[in-house]
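Okay, structure first, notes after.
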Amino acid sequence: MSAAKKWKVKPDSDQWAVRVGGDQAGPLPTKKARPGLIRVESKSINSESENGAKTTPCLIERDPRALNAHVQIEFSNIFGEADDAHSLQCTWRISSRVFTCCQRTCYQCWSALCACPVSMAYGIVFGATAVAHVWSLTPAWRFFDTCVIDPLRSFARLCCIQMCLTWCEALGGMLRSFKILNNVAPGIKKKEKVVTFGDKVKFRTIPARYEPTEAEILAQRKLSISRAKMPSMRR
């Protein structure tokens, strides 16, 4: 009996392997899948497949657009005990389970009774709303915007420009006639400016330097020579 028949494995399969150090052969041990959470890709309600056909709504994530994220009806969102007032652990645990069971059962019963009629009613309402918008309201609004609002907008812009321009020109001409004078009104004393030493130094006038002429220079030299030649007078 061959090893392939013994292990009931085909020699060409991936599980066939020859063990080193002998003629024994057998299938490779397979690893067990590690337990873990299964990742489910969420799809929107109106998602489309590759061929363009609409798929069924996702049963895992039923609010992909977070329309009712504000609805929080869990036990921890409604009840809460203060730090100084705790009931028994069994009481708190049983209360949580009873509340959750009653809430889910009531919601499932009421949704089973009301979901189909309400869905049908709102389907009719939103279908009529879509028909009204597509075939009535949007064309009427486009017609009104083109034939009424655009001409009125152009006329109002023209009127505003002409009125503002006229008023601005009139106001400018009126203000142009005013003159600003430095005279003080009667009955009000003119404030005298205090002149400090720094102002005097800052605004002082320096006289121009006097330069003698050539004739004055020659006369000054002759006078000095004559004085040098005269004998000194003694008492």
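The values are calculated or read from the model by the stated rules, or taken from the named source; none is laboratory data. The model shown is predicted, which means the values in this text are computed figures rather than measured ones. Positions of Cβ are generated from backbone atoms using ideal geometry, with glycine treated the same way; all protein chains shown enter the neighbour counts.
What to note about this one:
- Test result for V131, of a type in the set (A, V, I, L, M) and exposed (fewer than 10 other Cβ atoms within 10 Å of the Cβ): no
- Only one of S96, S111, S154 that is touching a helix residue (DSSP H, G or I) at 6+ places or on another chain (Cβ under 8 Å) and modelled with pLDDT of 90 or more: S96
- Number of the condition not met by Y210 [criteria: (1) modelled with pLDDT of 90 or more; (2) assigned to a loop (DSSP other than H, G, I, E, B)]: (1)
- Counting the residues of the range 53-91 that are touching a helix residue (DSSP H, G or I) at 6+ places or on another chain (Cβ under 7 Å) and among the aliphatic types (A, V, I, L, M) gives 1.
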